[in-house]
Amino acid sequence: MASLSVKPGQRFTVPDWQNNCHLISADAEHQRSTSHQIRQEARALRNDTGNQAKWDESDSRTRLKDRITSVDRWREALAKCLTDIDLEIDALTKVKEAAEDALQAKNLCLDVAIECLTFRESRRDIDVVRDPVEEELHREVKVIERTKKELQQRVDDAFKQLCILKEAQQQLNFDHRHKVEALDLDRQCLSFNVTSGNISFKVNPTRIPYGTTALREWEQNSQFNKDHAEAEMKASVELRGAIMLTIAQTNNELDAQRIATEFALRKRIRDMEGALSELRWQEKNTLEEIAEMEEDIRQLEEDIRKRTLDLKVAHTRLETRTYRPHVELCRDQAQYGLTGEVQQLEAAIRALQQKRTESQDALDALYRQLHRIQTDIGYKTNSLQLDNKCMDTRRKLVIPVEKFDPEVDAVSRTRNLPRNSQLEL
């Protein structure tokens, strides 16, 4: 007969089984309720976080666009300022070169003035006078030196201003280049999206990098660079105007002084030519007077010789009549006539000899005066030639140096004077 197997372990009652079923069902209901609630909260959270992420991304995109617009506006302003400062640097450089050319041109004017003064140092004796020409030449040298000093100061000011402009240009270049780089980076950031291939997690991306500046400081820096460059450009424009005015004023002043010097030199030349003409006229008349005086002296000597012969005749007659015999030796009218003749002839000879002496003294004085006239003619011929050399030298001021062909030898100076200027008696 078969036996019934009994499982070992605890035996539950029916109520326990029913309670267990109810408990499982209740737990299932509770878990489904909790899960449903969690699912609803998860959906709400997903919606909220999704919307917030979209809004945040949109806000960040808008902020990036605004930032790009702001930086681009400053980039354009700095680019325009860079263009303006480049043009101003070129303009100031040209004006500086013009001032340097004007300064270099003053060296020629100074050389010409000093050369004219050197020429006129070769004047001789009475012609070494401090005439208006010499005063104007000394004044011209002073004017040239003063204008050179003014132009040199302007050139130095232009050089300093160019250095300042280039420094401002360098700052603008740095700022402009940095803004271009920042624009590229912000535009790259604006182009990123969830499908971009180069996005990744970064280490501590919310850190504040070293050297970070505030927005106000950023704006102030760009504004300062722009304002500084514009202020220096304004100062450069004023300096360019001052330099051009200085060039014009110095040129006008030097032209006026040059005209005054050449006017005085031409007047001196005319006066010298007039004096030479007067001296040559005096020389001619003096030579004529000397010739007439020499002829008159010869006539006086001839008359003295004739009167001496007449006196010899009268003396001989008187001496011969002293040998008349006895009573014939009387003082008759012939004796009185011969005695009166002797006395008259002796007085005439003395008068003629006195006049000859006076005439000889006058002739010597005429020769001395002629020598003085011819000496002065030589001096004035030399001075006239020197002044003409000065006029020829001053042609360099109005004729290009490469086309200048001196009419006189400026090297030999006073060595090759014309023969008629030599002092000959």
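The values are calculated or read from the model by the stated rules, or taken from the named source; none is laboratory data. Every value quoted in this text rests on a predicted model; they were computed, and no experiment measured them. Using ideal geometry, Cβ is built from the backbone for each residue, glycine included, and neighbour counts are taken over all protein chains shown. Please note that ligands, DNA and RNA were not included when accessible areas were found on the heavy atoms of the full protein model with its side chains. Shrake-Rupley method; radii C 1.70, N 1.55, O 1.52, S 1.80 Å.
So the values come out like this:
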{"quantity": "Test: residue in the stretch 72-87 that is among the basic types (K, R), surrounded by 10 or more Cβ atoms within 10 Å (Cβ to Cβ) and in contact with a Lys or Arg (Cβ under 6 Å, 6 or more places away or on another chain)", "calculated": "yes"}
{"quantity": "Cβ pairs under 8 Å, 6+ apart, first in the stretch 263-276 and part of a helix (DSSP H, G or I), second open to solvent by 50 Å² or more (accessible area, probe 1.4 Å) and of a type in the set (S, T, N, Q)", "calculated": "I269/N388"}
{"quantity": "Search result, residues across the stretch 316-334 that are surrounded by 10 or more Cβ atoms within 10 Å (Cβ to Cβ) and not in a helix (DSSP H, G or I)", "calculated": "R324, L329, C330, D332"}
{"quantity": "Matching entry among R240, R177, R216, R187 (being open to solvent by 70 Å² or more (accessible area, probe 1.4 Å), touching a residue at least 24 places away in the same chain (Cβ under 8 Å), assigned to a helix (DSSP H, G or I) and of a type outside the set (S, T, Y))", "calculated": "R187"}
{"quantity": "Residue match in the stretch 333-350 (condition: among the hydroxyl-bearing types (S, T, Y) and either under 60 Å from the mean Cα position of the chain (by Cα) or at pLDDT below 90 (or both))", "calculated": "yes"}
{"quantity": "Selection count where residues are within 14 Å of A362 (Cβ to Cβ) and open to solvent by 80 Å² or more (accessible area, probe 1.4 Å), scope the stretch 277-287", "calculated": "0"}
{"quantity": "Flag for A42 being modelled with pLDDT of 90 or more, over 30 Å from L190 (Cβ atoms) and not acidic (D, E)", "calculated": "no"}
{"quantity": "The listed residue being in contact with a helix residue (DSSP H, G or I) (Cβ under 8 Å, 6 or more places away or on another chain) and over 30 Å from E140 (Cα atoms), out of E253, E283, E288, E278", "calculated": "E283"}
{"quantity": "Tabulated pairs, the stretch 369-387, first in contact (Cβ under 8 Å) with a residue 40 or more places away in the chain and within 19 Å of P132 (Cβ to Cβ), second open to solvent by less than 10 Å² (accessible area, probe 1.4 Å) and acidic (D, E), C-beta under 7 angstrom, 6+ apart or interchain", "calculated": "Y379/D127; K380/D127; S383/D127"}
{"quantity": "Residues satisfying the stated conditions in the stretch 162-174, i.e. touching a residue at least 24 places away in the same chain (Cβ under 8 Å) and not hydrophobic (A, V, I, L, M, F, W, C)", "calculated": "K166, Q169, Q171, N173"}
{"quantity": "Counted residues, the stretch 62-71 - those being without any contact (Cβ under 8 Å) to a residue 40 or more places away in the chain and open to solvent by less than 30 Å² (accessible area, probe 1.4 Å)", "calculated": "1"}
{"quantity": "Extreme residue, least open to solvent (accessible area, probe 1.4 Å), among residues of the stretch 115-161 that are part of a loop (DSSP other than H, G, I, E, B) and of a type in the set (V, I, T)", "calculated": "V129"}
{"quantity": "Residue within the stretch 363-375 that is more than 58 Å from the chain's Cα centre (by Cα) and over 30 Å from E273 (Cβ atoms) present", "calculated": "yes"}
{"quantity": "Members of the stretch 127-161 that are without any contact (Cβ under 8 Å) to a residue 12 or more places away in the chain and of a type in the set (A, V, I, L, M)", "calculated": "V128, V129"}
{"quantity": "The stretch 335-363, subset closer than 17 Å to T320 by Cα and hydroxyl-bearing (S, T, Y), residue most open to solvent (accessible area, probe 1.4 Å)", "calculated": "Y336"}
{"quantity": "For A168: the one exception among (1) among the hydrophobic types (A, V, I, L, M, F, W, C); (2) within 15 Å of T83 (Cα to Cα); (3) open to solvent by 50 Å² or more (accessible area, probe 1.4 Å)", "calculated": "(3)"}
{"quantity": "Any hit, the stretch 199-210, residues being free of Cβ contacts under 8 Å to residues at least 12 places away in the same chain and in a helix (DSSP H, G or I)", "calculated": "no"}
